[in-house]
Amino acid sequence: MSDAETLSVYAAKADDYANLTDEAAARDPSLVAFIAAMPKRGRVLDLGCGPGGSAAAMARAGLVVDAFDPVPEMVALAGRHAGVSARKAGFEDVTQVDHYDGIWANFSLLHAPRDDMPKHLARIATALKPGGRFHIGVKTGTGSKRDTLGRRYTYYSESELVDLLAAAGLTVFDRREGCDTGLDGVDAHWIVLAAHA
């Protein structure tokens with residue numbers, strides 16, 4: 001993700017975002033299910049890890065956690081969590097082959113341009129071990145726009161996202177949807193999908 005305005009918002013609001021998300025991460029039923037599905041000492045990637053709340057929960061569960069984020073301030077926060085290996089990296093830096101038991105992309109890929117999503121998902125599918133688990137969360141809707149803070153979002157319908165995952169060789173087997181208040185103070189509808197390679 002290379003949108004400078006989006007990255008600068010996250011840099012400026014890193015601590016606020018950590019306060020909003022870190023405690024909630026451990027209670028996220030999708031994350032609980034993701035962790036439970038991993039093998040003992042499984043290797044996972046938190047792609048677009050933000051301040052690292054989800055990565056920390058994975059590490060506490062005994063998983064080997066890599067955490068990527070393009071914002072240095074987020075990497076610094078994520079790296080403070082025990083057991084989390086955090087580095088400045090983006091979606092294009094997923095270059096491994098058959099490497100991860102699971103990849104967690106929770107409300108990160110929605111910042112990528114729509115035209116880039118197929119190549120990002122293809123990299124993810126390649127990086128997963130056979131049968132590996134993938135989690136993706138996006139805001140639902142159509143088109144793309146900036147929020148009141150200046151972050152760029154690309155919105156998806158469930159069917160569009162399922163089709164994109166299928167084209168990358170990933171099969172959806174579970175879903176959740178809801179509505180929450182984000183960093184911008186606005187309620188947004190979302191969907192999360194779980195898929196396997």
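Stretch ASP180-SER159 to full length: gain in nm at 0.36 nm per residue minus the Cα-Cα span?
Numbers: separation 21, 0.36 × 21 = 7.56 nm, distance 2.11 nm.
Additional length available on full extension: 5.5 nm.
For ALA166 and ARG146 in one chain, what is 0.36 nm times their gap in residues minus the Cα-Cα distance, to one decimal in nm?
Numbers: separation 20, 0.36 × 20 = 7.20 nm, distance 2.77 nm.
Residue separation times 0.36 nm, minus the Cα-Cα distance, leaves 4.4 nm.
What residues qualify as long-range amide H neighbours of GLY141, i.e. H under 5 Å apart, gap of 5 or more or another chain, H built at 1.01 Å from N?
TYR156, SER157
Give the share of C-alpha pairs in each 10 angstrom bin for segment 122-197, from 0 to the last occupied bin, in whole percents, shortest bins first.
18, 45, 28, 9, 0
Can you run phi through the Karplus equation (6.51, -1.76, 1.60; θ = phi - 60°) for segment 155-161 and list ³J(HN,Hα) in whole Hz, with x for Gly and Pro?
9, 9, 8, 4, 5, 4, 5
Using 0.36 nm per residue of separation minus the Cα-Cα distance, give me the extension gain between LYS119 and LYS88 in nm, one decimal.
Working: separation 31, 0.36 × 31 = 11.16 nm, distance 1.98 nm.
Using 0.36 nm per residue and subtracting the Cα-Cα distance, I get 9.2 nm.
What FRET efficiency do you get for VAL97 and ALA24 if R0 is 41 Å and r is their Cβ-Cβ distance, rounded to the nearest 0.05? Walk me through the numbers before you get to the answer.
On the way: r = 33 Å, r/R0 = 0.81.
Step by step, r from the Cβ atoms, then E = 0.80.
How many nm is it between the label spots at ARG41 and ASP187, if each spot is 7 Å from the Cα in line with the beta carbon?
4.7
A short reminder: the numbers here are calculations on the coordinates, not readings from a lab. Because the structure is predicted, anything quoted here is derived from the model rather than measured. Ideal geometry is used to build each Cβ from the backbone, glycine not excepted, and the neighbour counts take in all protein chains shown.
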